[in-house]
Amino acid sequence: MRLLRYRHDGEISLGVKSGNSVIELSNERTSIPRNMLKLISDWPKYEGAILQEMKDKTVTFPLSEVSLLSPIGNPGKFLAIGMNYQKHRAESVDAGITPPRNQMWFSKQVSSINSPNGDIIKPDSTMMLDYEVELAFVIGEKCYNVKAEEASQYIFGYMVCNDVSMRDWQMHNMPDRIELMIGKSHDSHGPIGPWIVTSDEVPEPHKLKIECYVNGEIRQSSNTDDMIWNCYEQIEYLSSAMTLYPGDIIATGTPPGSGFSPRGSSGNADKGRKGNVFLQSGDVVRCEIESIGVIENTIV
């Protein structure tokens, strides 16, 4: 199922997508909460009621009449891995960045979370605003010291994420080291959504087409099978260092073709493309992942 958070007639509620409609889940008739974190944390308690609402379709709205919000508004953690696609790693080497030997993690501050169609702010303090389409997954159960072979059962579902990055902020301490957290955490620089696709509908998250367009021009085009460390290996690594909780968001890395690279959308050399193709006010960024959905944001 595709679970979403939305605003309709001034009220924020949870719903499930059904075709081009939204089935309302949180109302006076049901015990289903309006808080996605609570829903995920107590999923066994509410799953049956949700399935019944999907069957009855008592209250529905056209999808076009609701405003989609970030599926999760205030997770405990918003973590992201760097240089996790083979071809993205290659273009980072082109830029003079030494690739990490192990998984390289950073926090995007939760205040960066944005809705799937919300405006992305380009602050005056950056001249190098960049896009990064990523597959994100949501933790469904508390986990600590989980092995990769068991990790799939701890994933509640999947979303599209744009790991918006201020590249000049990332280079404030270059060449000694690259900054990650502060260059990735400006307000609005974490659009997610458009909904959470529950993991039962994504049996193989590592064979999904993933693309990013800017003003209709394709900039990134790859497949999640190019990940160096897959989602399950990421859970093993993270949970060996910290406890992951329901609702925590994990962004799994971006493919090649982001604005700092002279390479083409597929990561190959492209003589027709100039490097440093950064975002400007008025640009529209569209991120798509097969079987998950689309988010689209305007730069302001």
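The values are calculated or read from the model by the stated rules, or taken from the named source; none is laboratory data. Here the structure is a predicted model, which is why all the values come from computation and not from measurement. Positions of Cβ are backbone-derived with ideal geometry, glycine not excepted, and every protein chain shown enters the neighbour counts.
For the range 52-64, the condition holds for at least one residue, the condition being that it is touching a His at 6+ places or on another chain (Cβ under 7 Å) and outside the structural domain of Glu233 (by TED's automatic domain parsing).
Look at the range 281-300: where a residue is touching a residue at least 40 places away in the same chain (Cβ under 8 Å) and a partner is of a type in the set (Phe, Trp, Tyr), sitting 6+ places away or on another chain with Cβ atoms under 7 Å, you get Val285/Tyr131; Arg286/Tyr213; Ile292/Tyr158; Gly293/Trp195.
Among the residues of the range 175-215, those identified as surrounded by fewer than 18 Cβ atoms within 10 Å (Cβ to Cβ), over 25 Å from Gln153 (Cα atoms) and touching a residue at least 12 places away in the same chain (Cβ under 8 Å) are Pro175, Met181, Ile182, Asp187, Asn215. For the range 128-142, the criterion of a residue being surrounded by 19 or more Cβ atoms within 10 Å (Cβ to Cβ), assigned by TED's automatic domain parsing to the domain that holds Glu211 and among the basic types (Lys, Arg) is satisfied by no position. What's the number of the condition Lys38 fails, among (1) under 16 Å from Ile196 (Cβ atoms); (2) surrounded by fewer than 16 Cβ atoms within 10 Å (Cβ to Cβ); (3) charged (D, E, K, R)? Of the numbered conditions (1) under 16 Å from Ile196 (Cβ atoms); (2) surrounded by fewer than 16 Cβ atoms within 10 Å (Cβ to Cβ); (3) charged (D, E, K, R), the odd one out for Lys38 is (2).
Could you tell me which numbered condition Ser111 fails, if it satisfies all but one of (1) polar (S, T, N, Q); (2) over 22 Å from Met159 (Cα atoms); (3) in a helix (DSSP H, G or I)? Just one mismatch for Ser111, condition (2). Residues that are of a type in the set (A, V, I, L, M, F, W, C), surrounded by 13 or more Cβ atoms within 10 Å (Cβ to Cβ) and either part of a loop (DSSP other than H, G, I, E, B) or modelled with pLDDT under 75 (or both) within the range 86-108 comprise Ala95, Ile97, listed in sequence order. Somewhere in the range 47-68, is a residue among the hydrophobic types (A, V, I, L, M, F, W, C), in a loop (DSSP other than H, G, I, E, B) and under 25 Å from the mean Cα position of the chain (by Cα)? Yes, the range 47-68 has at least one match.
Restricting attention to the range 132-146, the residues that are farther than 17 Å from Trp195 by Cβ and of a type outside the set (A, V, I, L, M) total 6. Taking (1) closer than 23 Å to Glu290 by Cα; (2) buried (at least 21 other Cβ atoms within 10 Å of the Cβ) in turn, Ser152 satisfies each apart from (2). Could you tell me whether the range 216-225 includes any residue that is assigned by TED's automatic domain parsing to the domain that holds Gln109, touching a strand residue (DSSP E or B) at 6+ places or on another chain (Cβ under 7 Å), aliphatic (A, V, I, L, M) and more than 22 Å from Ser92 (Cβ to Cβ)? Checking the range 216-225: not a single residue is assigned by TED's automatic domain parsing to the domain that holds Gln109, touching a strand residue (DSSP E or B) at 6+ places or on another chain (Cβ under 7 Å), aliphatic (A, V, I, L, M) and more than 22 Å from Ser92 (Cβ to Cβ).
Of the residues making up the range 28-42, one or more are under 22 Å from the mean Cα position of the chain (by Cα) and either assigned by TED's automatic domain parsing to the domain that holds Val110 or outside any helix (DSSP H, G or I) (or both). Just name the residue that is nearest to Gly140 (Cα to Cα) out of those in the range 1-29 that are among the β-branched types (Val, Ile, Thr) and buried (at least 17 other Cβ atoms within 10 Å of the Cβ). For the range 1-29, the residue satisfying everything is Val16.
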